[in-house]
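The values are calculated or read from the model by the stated rules, or taken from the named source; none is laboratory data. Predicted model, so just to flag it, every value in this text is computed and none were measured. As a convention, Cβ positions derive from the backbone with ideal geometry for all residues, glycine included, and neighbour counts pool all protein chains shown.
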Amino acid sequence: MSIEKRKILTNLELCSNCGACIFTRNLSPCPQINIEEKLYRDPIPDIKRGYITRSTDIKILELAQDGGTVTSIVRQMLEKKVVNSALLLKLGRNLTPLPVVVRDPGKVLECAGSKYVYAPVLSKLGEAMREGPTLVVGLPCHIRAVSAIERELGGADVLKIGLLCSHNFRREMYIDLSRKYGFNIDNIVKMGIKKNMFRICLNNGNVIEVPLKELESYVLRCCRQCPELIPTYADLAVGSMFAPEKHNVVFVLSRRGEEILEMCHDDGVLEVMNMEDSVREKILKVCRRKAERALPVREEVVKLLKTHEISIT
Ligand SMILES: Cc1cc2nc3c(=O)[nH]c(=O)nc-3n(C[C@H](O)[C@H](O)[C@H](O)COP(=O)(O)OP(=O)(O)OC[C@H]3O[C@@H](n4cnc5c(N)ncnc54)[C@H](O)[C@@H]3O)c2cc1C
Ligand code: SF4
Ligand code: SF4
């Protein structure tokens with residue numbers, strides 16, 4: 001894909017800024033427009049098992065987004081040298097997303113927390129892969145891209161920990177909200193979604209809550225055409241919807257995912273409980289609804305791309 005095409009995709013709001021074409025130097029087709037049709041018709045991945053989990057580390061629980069499952073697993077994979085590096089995300093000044101290749105297990109906690117911004121995580125995939133076995137934490141669009149890159153490179157094998165994702169927001173949203181509510185965006189310590197409200201926690205203890213409905217214009221078309229709530233191609237999918245406070249929902253999507261979760265449980269790093277069928281059904285309902293809503297947007301996108309002479313493989 002040429003730089004010109006990337007510009008067109010950005011203008012059409014179809015670029016999720018996943019960073020894949022920075023890593024592949026614009027050679028590959030964009031994985032965010034080349035989305036398999038079956039993900040729209042059948043968005044439920046092959047789930048081996050579902051669990052409710054939580055970190056056993058108090059410090060992680062304090063700083064992580066939910067149950068600290070992701071941070072705990074990543075730290076343990078580095079500790080046990082299952083992988084040599086992990087590709088994670090931090091935020092810099094002005095909420096600039098900063099993908100980082102972490103080698104030191106002691107540095108994983110610095111990346112805890114969900115960042116509701118489009119982030120070019122995969123721009124650093126090459127650096128991570130050069131170190132030998134690696135893992136990536138990413139949203140379904142990141143994981144979709146890693147899987148496409150693995151197929152293209154042949155033989156590449158990245159451990160993939162995917163987050164559940166309904167949608168993301170443009171960074172400009174925080175600038176607009178900071179003006180409206182009078183805060184400095186560098187003072188944000190946590191962000192998240194609860195009961196249809198977007199919550200921003202500041203370092204002075206203040207919490208700003210905005211109805212999600214008011215923020216729809218900050219969601220790009222790439223999210224509106226995205227069929228995946230659960231990252232289909234991940235080894236483990238981690239979220240928090242319908243889980244008790246400070247816990248996670250985890251879907252095991254591969255044998256390797258199961259082994260890793262078992263290892264973390266056996267090592268005493270994670271509490272692991274079976275997910276009730278009712279919780280699983282609620283999540284799968286949201287998953288189906290996301291794909292259903294995305295389908296008409298996708299059909300428009302396909303037409304739009306044709307008018308720009310961009311082909312879909
Ligand atoms: C944009 C977005 C939308 C989400 N939507 C949903 C949803 O609809 N339903 C649901 O159940 N869960 C959703 N999640 C996942 C949820 O917020 C938590 O990330 C998840 O429950 C894991 O919690 P944890 O305590 O284990 O994470 P932590 O232990 O705090 O670890 C979080 C990890 O996520 C990575 N990360 C943070 N932000 C990003 C990002 N923007 N891109 C790539 N990697 C990132 C960090 O590197 C860190 O390693 C969403 C997350 C994001 C970022
Ligand atoms: S979505 Fe990813 S691969 Fe596609 S143009 Fe944007 S950064 Fe590049
Ligand atoms: S909705 Fe899809 S495209 Fe948007 S951030 Fe989430 S995974 Fe990426």
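Give the residue that is surrounded by the most Cβ atoms within 10 Å (Cβ to Cβ), with candidates limited to residues of region 21-79 that are at positive phi and at pLDDT below 95. Result: ASN26.
Please go through region 1-40 and give me each residue that is of a type in the set (Gly, Ala, Ser) and within 16 Å of ligand 1 (Cβ to nearest atom), ordered by number. If the condition is that a residue be of a type in the set (Gly, Ala, Ser) and within 16 Å of ligand 1 (Cβ to nearest atom), then SER16, GLY19, ALA20 are the ones that fit.
Restricting region 65-74 to residues that are in contact with a helix residue (DSSP H, G or I) (Cβ under 8 Å, 6 or more places away or on another chain) and farther than 22 Å from ALA156 by Cα leaves a set whose member that is farthest from ligand 1 (Cβ to nearest atom) is SER72.
Show me the strands (runs of 3 or more DSSP E) entirely contained within region 1-108 in which 1 or more residues are within 17 Å of LYS124 (Cα to Cα).
Passing ranges, in order: 85-91, 97-102.
Listed here are the residues, each with its yes/no results for (1) closer than 22 Å to SER85 by Cα; (2) surrounded by fewer than 18 Cβ atoms within 10 Å (Cβ to Cβ); (3) within 13 Å of ligand 3 (Cβ to nearest atom); (4) not small (Gly, Ala, Ser).
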site	(1), (2), (3), (4)
VAL136	yes, no, no, yes
GLY162	yes, no, yes, no
TYR174	no, no, no, yes
LYS190	no, yes, no, yes
PHE198	no, no, no, yes
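Of the residues in region 242-264, not one is buried (at least 21 other Cβ atoms within 10 Å of the Cβ), under 22 Å from ILE60 (Cβ atoms), in contact with a His (Cβ under 9 Å, 6 or more places away or on another chain) and not aliphatic (A, V, I, L, M). On the basis of being closer than 22 Å to ALA119 by Cα and crowded, with 17+ Cβ neighbours inside 10 Å, does CYS226 make the cut? Here the answer is yes, as CYS226 does meet what is asked. Within region 164-197, being assigned to a loop (DSSP other than H, G, I, E, B), within 21 Å of ALA64 (Cα to Cα) and not charged (D, E, K, R) holds for LEU164, CYS165, SER166, HIS167, ASN168, PHE169, ASN196. Counting only strands (runs of 3 or more DSSP E) that fall entirely inside region 210-313 and contain at least 3 residues that are over 20 Å from the mean Cα position of the chain (by Cα) and touching a residue at least 12 places away in the same chain (Cβ under 8 Å), the qualifying elements are 270-274.
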